[in-house]
Amino acid sequence: MKYVLISGGVVSGLGKGVTASSIGVVLKACGLRVTSIKIDPYLNIDAGTMSPFEHGEVFVLDDGGEVDLDLGNYERFLDVTLTKDNNITTGKIYQSVLEKERKGDYLGKTVQVVPHITDAIKDWIESVAVIPVDGKEGPADVCVIELGGTVGDIESMPFIEALRQLSFQVGPDNFCLIHVSLIPVLGVVGEQKTKPTQHSVRELRALGLTPHLLTSRSAENQNAHHSILQQLNLLNQATAPDLQQWTEMAETFDSLTESVRIAMVGKYVGLTDSYLSVVKALLHACVARSFKPSIDWIAASDLEDESAKSTPEAHAAAWTTLKSADCVLVPGGFGDRGVRGMMLAAKYARENNVPYLGICLGMQISVIEFARSVLGWEKANSVEFDAQTPNPVVIFMPEGSRTHMGSTMRLGSRRTLLQTSDCITSKLYGSSEYVDERHRHRYEVNPDVIGTLEEAGLQFVGKDESGKRMEILELPSHPFYVGVQFHPEFKSRPARPSALFLGLILAATGKLEAYISRQNGS
């Protein structure tokens with residue numbers, strides 16, 4: 001196994017994840033099989049309990065792993081299916097070591113960072129690196145490892161020591177370290193300064209790791225694939241990189257002139273990384289139809305009546321933006337902040353025949369709004385927002401835990417059975433009888449009110465295998481009004497956009513009917 005380690009220095013947020021993903025793409029384009037691992041030095045077991053404002057979106061894998069958003073980059077770039085074990089955290093490592101200690105596996109020894117924690121890290125890396133993630137038999141050729149944080153962080157020290165040991169263990173022909181650093185330009189003199197990178201590299205070398213290559217955050221193009229192959233002694237095994245598909249996609253995007261205005265109504269719009277996979281899925285769908293995505297971020301709370309009194313300018317601007325959009329998307333989220341604004345956005349889209357896609361919370365919002373506006377249940381709500389509501393149209397999952405938050409939701413890939421072929425969702429998915437999409441929720445539509453909702457015109461076209469859990473809703477009288485309990489954005493790929501995001505863009509540009517007719521041969 002060959003290892004490529006990506007570390008970072010000076011400041012965080014330099015793009016280690018994109019660098020790791022891009023290097024993986026180049027190596028894959030050379031005919032090599034690539035897997036990846038993300039190391040997050042924080043003490044959390046996983047990213048599941050972190051606020052999107054704190055850490056960006058929580059990416060969900062097929063096996064239900066709640067992981068760092070960089071694993072989403074790896075899956076999209078490399079077109080692989082990773083597992084929760086591809087995300088290593090300090091919490092996971094210490095948990096595994098302490099469980100062994102409690103069972104007596106260390107035979108009375110004093111358990112220490114070196115060698116027990118560092119050995120656990122190495123063992124984890126080596127065991128995960130050989131697990132195939134591309135659907136083929138046997139291990140990959142190269143494992144790309146991203147070390148989160150920056151060199152010098154106290155949390156990273158055990159991982160750096162473990163990686164130092166690993167570099168000696170596998171030998172110089174099998175280990176390549178690429179350090180991502182900042183080359184700032186001082187505005188006063190307009191000159192690039194390398195001193196921060198020099199200090200960062202010195203810190204790394206003092207810890208026993210010497211970079212083979214440097215990637216600087218600058219405007220200069222990087223073309224290091226030959227050096228990486230040479231460092232890993234892979235030049236004889238690899239062919240010249242075939243990046244034609246990526247080049248064509250980039251050229252296509254650069255040449256696009258028409259755009260689609262998408263109103264993104266959410267509660268975490270202050271940090272776009274909170275909805276990174278949604279943004280990427282919109283990009284994939286738009287480029288596939290030769291459009292540029294123009295996302296208008298709308299804080300849901302700005303649409304609410306209270307905002308008209310407290311911040312009238314923001315309120316007016318939010319409504320102007322919403323009304324000028326070609327389509328509306330309400331993504332997932334937790335908590336009651338901004339919920340009324342989301343309902344108003346869903347109501348506007350429903351009443352004005354504006355294409356609408358509600359994801360997870362966005363689906364639940366559309367059900368609450370429909371119950372209030374159409375059925376006249378003025379106090380209809382989710383028990384998440386009002387535990388005493390007389391009309392609980394969204395309820396807590398029976399099997400959910402009310403005492404623990406980590407990994408207690410309905411997580412990962414679950415099967416949804418389409419109830420009819422005569423619906424937009426079925427046609428967008430190629431008339432499939434079922435779809436397998438990833439979930440992350442602890443609330444669901446109340447099965448006791450389904451009959452009443454459907455009598456009023458809302459149709460639930462997708463259910464789980466028990467038939468009691470509502471997965472997909474549509475409004476047949478509307479050009480495109482779709483809500484899904486799952487998160488289709490997590491499985492969208494540059495060359496294979498999510499069917500529902502594609503449907504939203506097609507509807508927004510007036511091309512949905514023609515597309516469906518062609519797909520179904522009519």
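The values are calculated or read from the model by the stated rules, or taken from the named source; none is laboratory data. The structure presented is a predicted model; accordingly, all values stated were derived computationally and were not measured. FYI the Cβ positions are ideal-geometry reconstructions off the backbone, even for glycines, and counts take in every protein chain you see. With ligands, DNA and RNA removed, areas are computed over all heavy atoms of the protein, side chains included. Shrake-Rupley method; radii C 1.70, N 1.55, O 1.52, S 1.80 Å.
Would it be correct to say that R350 is surrounded by fewer than 22 Cβ atoms within 10 Å (Cβ to Cβ), assigned by the TED database to the domain that holds A499, touching a strand residue (DSSP E or B) at 6+ places or on another chain (Cβ under 7 Å) and of a type in the set (D, E, K, R)? For R350, the condition - surrounded by fewer than 22 Cβ atoms within 10 Å (Cβ to Cβ), assigned by the TED database to the domain that holds A499, touching a strand residue (DSSP E or B) at 6+ places or on another chain (Cβ under 7 Å) and of a type in the set (D, E, K, R) - is met. Can you pull out every residue in the stretch 444-497 that is among the hydroxyl-bearing types (S, T, Y) and closer than 16 Å to A281 by Cβ? Within the stretch 444-497, just S492 meets the criteria. In the set G135, G148, G152, G190, only one residue is surrounded by 14 or more Cβ atoms within 10 Å (Cβ to Cβ) and at positive phi; that residue is G152.
For the structure I just gave you, tell me whether K100 is touching a Phe, Trp or Tyr at 6+ places or on another chain (Cβ under 8 Å) and open to solvent by 70 Å² or more (accessible area, probe 1.4 Å). Even if it seems obvious, please write down each step before you answer.
Numbers: touching a Phe, Trp or Tyr at 6+ places or on another chain (Cβ under 8 Å): yes; open to solvent by 70 Å² or more (accessible area, probe 1.4 Å): yes.
For K100, the condition - touching a Phe, Trp or Tyr at 6+ places or on another chain (Cβ under 8 Å) and open to solvent by 70 Å² or more (accessible area, probe 1.4 Å) - is met.
Could you tell me whether G457 is within 24 Å of R289 (Cα to Cα) and modelled with pLDDT under 95? No: the conditions fail for G457.
A single member of A29, A47, A20 is open to solvent by less than 50 Å² (accessible area, probe 1.4 Å), in contact with a Pro (Cβ under 7 Å, 6 or more places away or on another chain) and either under 30 Å from V201 (Cβ atoms) or at pLDDT 90 or above (or both), and it is A29.
For the stretch 446-470, the set of residues classified as touching a Leu at 6+ places or on another chain (Cβ under 8 Å) and open to solvent by less than 10 Å² (accessible area, probe 1.4 Å) consists of L453, L458, F460, V461, G462, listed by residue number. Can you tell me which residue within the stretch 385-421, out of those that are at pLDDT 90 or above and among the charged types (D, E, K, R), is farthest from G48 (Cα to Cα)? Once the filter is applied, the top-ranked residue is D386. Criterion applied to T110, T81 was being within 30 Å of P494 (Cα to Cα), of a type in the set (S, T, N, Q) and part of a loop (DSSP other than H, G, I, E, B), and the one residue passing it is T81. Restricting to the stretch 250-279, and then to whatever is open to solvent by less than 70 Å² (accessible area, probe 1.4 Å) and of a type in the set (D, E, K, R), can you tell me which residue is modelled with the highest pLDDT? Result: K267.
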